[in-house]
Structure formats: structure tokens, C-alpha cells
Amino acid sequence: MSRTAEYEVVVVGGGIAGSFAAATAAAEGAEVVQLERKPRERAGHIACGDAIKSPRDPKKYPGPIDMEAICADEDVLADGEIDQIEWWDRELDERTVLPYADHSNVIDRYQFGQHLLDQVDEQGADQHYDTVVQDTVQNGQVSGIEATRDGEPVSYEAEVVVDTAGAQSILQDMVAFDGLSAVEEVTFEKPHYTHFGSAYREIIETEEPVDFANAIVGKPLEQLGYVWYFPRTPTTINAGLGFQMSEQPIPLADRLGQDMNAEPALPDAQVAERFGTTNKLGSSIALRRPLDSMVAPGYLAAGGAAATTHPLSGKGIRGAAISGYSAGAHAAKAVHAGDTSEASLWGHNHYLFAQHGEAGKLASRDAYNVAASSQSINVLRAVAAMLPQDEIKSMVGTESKIESLADVVSVAVGAARNFAGHYHSGSFDHLGVSNRDLLDVFQGVWTARGYVDRYDTHYGAYPSTRAGFFRWRDDRDSLDETYYDDLGLDDADRKY
Ligand SMILES: Cc1cc2nc3c(=O)[nH]c(=O)nc-3n(C[C@H](O)[C@H](O)[C@H](O)COP(=O)(O)OP(=O)(O)OC[C@H]3O[C@@H](n4cnc5c(N)ncnc54)[C@H](O)[C@@H]3O)c2cc1C
């Protein structure tokens, strides 16, 4: 016989989005429980590259979580030691260096996660560890969770369930979204598996300090992925790799081992230990734009579960935090209003796409990912090798990003100069990359740039109420089609 627990808000997940959601909803006066399948001492030990920018900026980490206090703990390693990105292509003998205008960090994700969970507790939310969610309950709206806690069945009744169970959230397979009641269809967008990637990381230690301790390093990988080496300290490195699920799978651990063995910058690397075993973790990652709608009756999604995260640009942690905050705030607001319908939860979508705007930015910049995904990895390697380093360095050294027309022209001129050099020497022939391929890429980037602006405007006008959603989505779908046509994409390459 299962026990029953009643809460206003049930948050599934003890990661970043779940902690921001639970702390915020509790701070707003809701009765909250946070459910996490891992035991307390292992919670927050999550697969991640651990790169995080601007952790002390309250606009990027809104709500009651005190990031300043977390970063003040030296064990978290939010020390701002990273000041450049490097792209190593050993085969092409290229080492591209892009400096950051401000500093970045490679943190100890476990220490960070443990602090987050402490702060959820301080805000007054209950936390149930060793609690595995097995099913959802619905009666016109999502109304609860069935779980196993310490091996015993428990039913959680809820006015709102917040899904922060990560990318490819299991809850999205459990909820029958078309069985929920709504005028017209339920707006929640269920993502497709090809929109995800699979990623894996190890924490490795070297005897001697590495000579790239101030840089996060990427290297090309077959199947549209990359290998990374992100130093937490000069002798402790987060090493990992990932690929997109639309491509052929790669045996991740073996492929990483192969790269490390051949990498001269890591002569004596050993895998570190945590909890008495080697520190190796893998997980899915969302490689798509944020879901068109992240709400359903009695249900809100945030973080990886809502694809408000973009790990490739180091916005996986930040996107989870902002959307977790929003989910917690809007869940509490709906509970206080006594209305947890889709229309009442709508503010979550509107906040993320238009008001705060982080999700709108991620969605519009996804146009670049669409353009890049239609190219082979060898073409992209050739393009990276042509980036004009001197121009980029001098700009990034003074500005926070390359935005002005003068900057773009300067990069384009530098790239064209490098292109002319490679054109005459035929230096990419052995990659099977022709000059025509390269011209196509530059054209594609130019086309994508124009569409990023158009998507930006469209997402900025995301409807403030549910009533405007279907019209807005139809217009966005038309924009997708025009974009794909302009890029000349085959049906198979049309991402959404
Ligand atoms: C290998 C890898 C490298 C990455 N590198 C970076 C990077 O360098 N920088 C960056 O910003 N982002 C990076 N990301 C992305 C970033 O880690 C995610 O965006 C972020 O962790 C998402 O947070 P979340 O809270 O939504 O989900 P998660 O962190 O995945 O948390 C989900 C939580 O839910 C729990 N859970 C899941 N299912 C259940 C269940 N059935 N019952 C109970 N609990 C459950 C899990 O145990 C977990 O604690 C990376 C991701 C991966 C996989």
C-alpha cells in the first residue's frame, strides 16, 4: 500500500533547474517538495563540462539562490582562471585562440550542486532523496507523481508538477499530453530524440601542470561533435566529448581514451576518483532551441527538460538556472491564484522568451546550428582554420562580443584573405573539402545571420497570453520553411 504526501508544488530533479525552481517556489510561500533519485551525499554529481560564465551576475542567476555565497567557497573553483578558448586541430596543425573579454570558470560541479541543495533547504522546501519517479498522475491536468522512496512506493499529490528531470526527461514519456484538457490542443511541445546529443566526461589528473590551464580547449570529432579539455586547475581537467543523436553513435569512453593517449599536451593523465570509484559520467544533452511551449495543465518544464540550455555555448548551467527560477516563480503564482491551467502558467513561457529573453536568444541563434549541421565536420574544420586570429583577438580584447558592422567586415576580410591563401595552395584537398564547399559555408553563415535577426524579432514578440500562441507558432513555422529553402536544405536536414 503506497503512502500519500500532499504538496502544492512537486519539483522532480535535484540538479540546477530543480534547485532554482524549488528554492524560488518555497521563497514565494508555496509548500514545495524536491524529489531526487540519488542519495543526499551524491546529489549534484552530474555529467557536465563544468564551464560557467558570469556566475555572480544576478540577471543570469535570478531568484533567492545566493550565487555570491556559493562562489565564495574556494572548493567550488569559481576563480575566473579561464581567459581564452582554444581550438586544436592536430591533423591540420592549427591552434586557434579566441580570448574572452571577461573571464570564465571551470567549476567543481559536485561542490556547486551540493551548495545549491543546501540553499533549497534553507528556503524551506522539503527534499526527498533516494526517491525515483516512476509515473505521473493526471485527471485532466497533471496532478501528481508516483515514486519509490527508499524502496517503498509513495504517491505525491500536487497542484503543479515542475519537470526538471534533465534532457530527455522521463516525465515527458509518462504524461499523456493529448489527454490533458485545454481549449484547442495542449501547447506543450514534446521534443524529438534527434534534438538531443549524448555526452560523456571524465575528470583526469596530470602529474605536471598543463600548459593550457587558462583555456577551455575543443578539438574536432567525427559525427558533428567535439572533444573538450576544460582545466579545473592546472592539474585537474574535465575531459569529455559528445555527438548529436541524429548521427551514427560513437563509443564515447573508447573514443575519449584514444584522443587522450594521442594528445601530447596530456602526457601522464589518470582518471581521478570520487565516491571510491573512477570519476566518469555521461548523459543526454539538449541540442535544440527551447520548446515552443514549456507548460501544460498542472505542469511546467525547465532546464534540460525544456531545452532552455545550450551547452555548446556554455549556457547549459545558466539556462537551467534562469528557467528553473521562472518555473518556481510561476508555479507559486498559479498556486496562489488557485488556477494551474495552461493559461495561468503561461507567464513561464513569456518570461523566458520575451521578458527576460534568454530563451528567445537561444532560439534565434539556433539558426547558426541549423546552418552548421548541414555541413560535414571536415568543412567546418576547414572554416575554423580560416578564422582570422589577429582580427578576432584585437576585437575580443576590447569588446565583449563581435557585433558591430565594422567588426564583422574585419573578420570577413581576414577570412577572405586566408581563403585566398588556401584556394591557391589547395590545402584542404586531403579533407575532401573543395573551394566550392567553403564558399557555400560562407554564404550559409551570411544567410543565417540575416535569419537570426528575423527570429530574434519574432521571439521578442512571443505572445503574453496563451490566446496568441497558435498564430505565433504558425508564423514561426513559415519563417523556418523560408530559411530552410534559402539554405537549400534537403528534407532530411530540416531540423524542426
Ligand atoms: C557531458 C556534458 C557536458 C556539459 N558541459 C557543459 C558545460 O561545460 N557548461 C554548461 O553550461 N553546460 C554543460 N552541459 C549542460 C548542463 O550540464 C545541463 O544543461 C544542465 O545540467 C541541465 O540542468 P538540469 O537541472 O536541467 O538537469 P540535470 O542537471 O540533468 O539534473 C536532473 C536531475 O534530475 C534527477 N532525475 C532524473 N530523473 C529522475 C527521476 N526519474 N526521479 C528522480 N530524479 C530524477 C537527476 O538525478 C538529476 O539530479 C553539459 C552536459 C553534459 C551531459
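The values are calculated or read from the model by the stated rules, or taken from the named source; none is laboratory data. Remember, predicted model here, so these are calculated numbers, not experimental data. Please note: Cβ atoms are built from the backbone with ideal geometry, for glycine as well, and neighbour counts cover all protein chains shown.
Examine the range 122-135 for a residue that is assigned to a helix (DSSP H, G or I), surrounded by fewer than 15 Cβ atoms within 10 Å (Cβ to Cβ) and either touching a strand residue (DSSP E or B) at 6+ places or on another chain (Cβ under 6 Å) or not assigned by TED's automatic domain parsing to the domain that holds Asp474 (or both), and state whether such a residue exists. Scanning the range 122-135, I find at least one residue that is assigned to a helix (DSSP H, G or I), surrounded by fewer than 15 Cβ atoms within 10 Å (Cβ to Cβ) and either touching a strand residue (DSSP E or B) at 6+ places or on another chain (Cβ under 6 Å) or not assigned by TED's automatic domain parsing to the domain that holds Asp474 (or both), so the answer is yes.
Considered as a group, the residues in the range 253-276 that are part of a helix (DSSP H, G or I) and under 27 Å from the mean Cα position of the chain (by Cα) include one that is surrounded by the fewest Cβ atoms within 10 Å (Cβ to Cβ), and that residue is Asp254. For the structure I just gave you, tell me whether Leu256 is more than 30 Å from Asp456 (Cα to Cα) and touching a helix residue (DSSP H, G or I) at 6+ places or on another chain (Cβ under 8 Å). It is false that Leu256 is more than 30 Å from Asp456 (Cα to Cα) and touching a helix residue (DSSP H, G or I) at 6+ places or on another chain (Cβ under 8 Å). For the range 220-239, does any single residue satisfy the condition of being of a type in the set (Gly, Ala, Ser), modelled with pLDDT of 95 or more and touching a strand residue (DSSP E or B) at 6+ places or on another chain (Cβ under 8 Å)? Yes; the residues of the range 220-239 include at least one that is of a type in the set (Gly, Ala, Ser), modelled with pLDDT of 95 or more and touching a strand residue (DSSP E or B) at 6+ places or on another chain (Cβ under 8 Å). With respect to (1) touching a Lys or Arg at 6+ places or on another chain (Cβ under 8 Å); (2) more than 11 Å from the ligand (Cβ to nearest atom); (3) basic (Lys, Arg), the lone exception for Arg255 is condition (1). Of the helices (runs of 4 or more DSSP H) contained entirely in the range 305-355, those carrying at least 1 residues that are within 16 Å of the ligand (Cβ to nearest atom) and not small (Gly, Ala, Ser) fall at 316-337, 347-350.
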